[in-house]
Amino acid sequence: MAKPIDPPIQDAATVIVLRRGDCPAILMGQRGATAAFMPSKFVFPGGAVDANDGIVPILGLDPMQATALQSFSRLSPAAIAAAAIRELWEETGQILGTTAPWTDPPQGWRGFAATGHRPTAHGMRFFFRAVTPAGRPRRFDARFFIVDADALVTDPDDFTRAEDELSHLHWVDLHRARDLDLPFITEVALAELVQHLSDPDAPLTVPFFNNDDEQHLVTRLGGIRPLDTVPR
């Protein structure tokens with residue numbers, strides 16, 4: 001029997017929105033039971049990069065972050081950041097943006113523009129990268145960003161404008177998140193996040209989980225800069 005052909009790997013972006021404090025929390029939702037990819041799993045907001053994401057003007061993308069993203073993608077850093085912002089908006093109704101008119105948004109961004117905002121990547125940090133293993137119905141080369149909840153211009157507890165791709169949207173205690181039904185790669189990303197937050201003065205490197213590597217190891221893509229010098 002012929003071996004099934006794997007689907008092409010799509011570029012994707014994911015956002016870990018973090019509420020800091022004594023009990024840090026992260027924003028998560030649950031995928032539908034009939035979803036083709038990761039059904040019923042709790043995940044961070046995110047999805048594939050759309051063609052129109054590459055033509056969206058993105059404000060506030062830190063040059064060092066852009067350099068790091070450029071090193072690992074054929075896409076522009078702005079396109080990847082735009083996808084993360086758009087997916088956050090679509091799946092949670094939360095906005096990373098600045099108040100400004102936007103009269104000619106491309107398709108896929110018109111709802112965002114109608115709120116009176118333009119997307120901004122200020123405070124977004126490229127944190128993690130992972131490739132979906134072979135044999136799955138969909139495969140993604142996903143870039144994970146961290147952003148503080150304080151960067152949202154919307155009420156972080158209001159999900160009324162979210163589309164229906166994710167249900168049970170809520171803030172999850174970071175140290176209890178692994179009690180949920182999570183994809184394996186989300187567990188890996190959470191472990192990296194906990195380690196990262198435990199030593200905020202350590203240089204920020206980008207963990208890369210390559211499922212095509214037989215050893216399935218997390219490797220480091222190189223330092224970006226110390227965390228305390230990244231815009232917040």
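In this rough spin-label picture, where each label sits 7 Å from Cα along the Cβ direction, the Arg20-Asp164 distance is 3.8 nm. In a fully extended conformation the segment linking Val194 and Arg136 would gain 18.1 nm over its present Cα-Cα distance, using 0.36 nm per residue. All other residues whose Cβ lies under 12 angstrom from that of Ala79 are scored, Lys and Arg at +1 and Asp and Glu at -1, for a net of 0. Val49: net charge of surrounding residues, Cβ under 12 Å, Lys/Arg +1, Asp/Glu -1, itself excluded? Summing Lys and Arg as +1 and Asp and Glu as -1 gives -2.
Proximity of backbone amide H atoms, modeled 1.01 Å from N, is registered between Arg139 and Gln10 at under 5 Å, excluding neighbours fewer than 5 places apart on the same chain. Once the chain from Asp155 to His122 is taken as fully extended at 0.36 nm per residue, the excess over their C-alpha distance is 10.1 nm. Reducing the range 12-29 and the range 77-152 to their Cα centroids gives an inter-centroid distance of 14 Å. Put in line by how crowded their Cβ is, counting other Cβ atoms within 10 Å and starting with the fewest, Val194, Val131 read Val194, Val131.
By the count of other C-beta atoms within 10 Å, a proxy for reagent exposure, Thr14, Thr99, Thr160 are ordered fewest to most as Thr160, Thr99, Thr14.
Rule-based calculations on the coordinates, nothing more; no lab input. Here the structure is a predicted model, which is why all the values come from computation and not from measurement. For neighbour counting, all protein chains shown are included, and Cβ atoms are generated from backbone atoms with ideal geometry for every residue, glycine included.
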